[in-house]
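Read through the structure below, which is laid out as structure tokens, and then see the notes.
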Number of protein chains: 2
Amino acid sequence: MSESKGRFAYDGLDRVIHEKARLSILTSLVSNPKGIAFNHLKSLCGLTDGNLSRHLQILEAAGLVSNTKSFVDNRPHTLCKITADGRKRYLKYLAVLEQVIGDATKAAKRELSTTKRQNPLPV
Amino acid sequence: MSESKGRFAYDGLDRVIHEKARLSILTSLVSNPKGIAFNHLKSLCGLTDGNLSRHLQILEAAGLVSNTKSFVDNRPHTLCKITADGRKRYLKYLAVLEQVIGDATKAAKRELSTTKRQNPLPV
């Protein structure tokens, strides 16, 4: 095995972004750069009120998302948007994710070619 | 916005696999199907003894990994291997990860074409 120290450490997999619910939220928001209303975001990500609130707070504290509260037709309304910095960090994270997929795909291909050598097709 | 309920929920992102350290461990193991010795795995994933032990226990309890203890030159030796079921679940997880990347890439391309329309190149 020629693989070196930290070869599979994936240090760039930022834990703030990597958490499953937050990855859903950020992928929704990066796909809708004008922002998404809280209730719609909740539905897109399949999250509960409490869960979405909690994760939006974490993302806002980390500077990845802005949550703007206002009133629409006398009802409270929250617009959630990814920030410029959030977008930059999300894209950086994505590049590491692509590396994981690349590594796994390489492994799958290698295994397939080994299987072929062990069980050649009949001629 | 025409996106439907749960569009970005990514239910297939199995939390047992998605956790950052466990994703490292499984990607190492899927890339080395004959197994990896505990100490080498620790180095490849950049984990401490305690962290690797804890996550290997979780992965073994979930049926994704087998940890075989033996003695080599009178010293304890643990060989870690991904199970057949682990491999299957990892590849299923990977397909959802590719969907996340696909969604984000689509968003990035859409944004790029909007920017081009707003700032056409000088002729």
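The values are calculated or read from the model by the stated rules, or taken from the named source; none is laboratory data. Keep in mind that what you see is a predicted model, and the values were worked out from it rather than measured. Please note: Cβ atoms are built from the backbone with ideal geometry, for glycine as well, and neighbour counts cover all protein chains shown. Ligands, DNA and RNA are excluded from the accessible area calculation, which covers all protein heavy atoms including side chains. Shrake-Rupley method; radii C 1.70, N 1.55, O 1.52, S 1.80 Å.
Does the range A:65-77 contain at least one residue that is open to solvent by 80 Å² or more (accessible area, probe 1.4 Å) and closer than 21 Å to A:Arg15 by Cβ? The answer is no, given that none of the residues of the range A:65-77 is open to solvent by 80 Å² or more (accessible area, probe 1.4 Å) and closer than 21 Å to A:Arg15 by Cβ. Considering the range B:24-53, and only residues there that are more than 11 Å from every other protein chain (Cβ to nearest Cβ) and under 17 Å from the mean Cα position of the chain (by Cα), the residue that is most open to solvent (accessible area, probe 1.4 Å) turns out to be B:Asn51. Whether any residue in the range B:84-105 is out of contact with any Gly (no Cβ under 7 Å at 6 or more places or on another chain), among the polar types (S, T, N, Q) and under 25 Å from A:His18 (Cα atoms) is what I want to check. Yes, because at least one residue in the range B:84-105 is out of contact with any Gly (no Cβ under 7 Å at 6 or more places or on another chain), among the polar types (S, T, N, Q) and under 25 Å from A:His18 (Cα atoms).
So, A:Gly86, is that one surrounded by 15 or more Cβ atoms within 10 Å (Cβ to Cβ) and more than 9 Å from chain B (Cβ to nearest Cβ) or not? Yes, satisfied. Of the candidates A:Ser66, A:Ser4, the single residue that is on the phi < 0 side of the Ramachandran plot, out of contact with any Asp or Glu (no Cβ under 9 Å at 6 or more places or on another chain) and not in a helix (DSSP H, G or I) is A:Ser4. Can you work out which of the residues in the range A:77-113 that are assigned to a strand (DSSP E or B) and at pLDDT 95 or above is nearest to the chain's Cα centre (by Cα)? Across the range A:77-113, the extreme among qualifying residues is A:Ile82. Restricting attention to the range B:12-23, the residues that are of a type in the set (D, E, K, R), more than 7 Å from every other protein chain (Cβ to nearest Cβ) and surrounded by fewer than 20 Cβ atoms within 10 Å (Cβ to Cβ) total 2. Screening the candidates A:Leu44, A:Leu52, A:Leu26, A:Leu56 for the property of being in contact (Cβ under 8 Å) with a residue 60 or more places away in the chain and assigned to a helix (DSSP H, G or I) yields one hit, A:Leu26.
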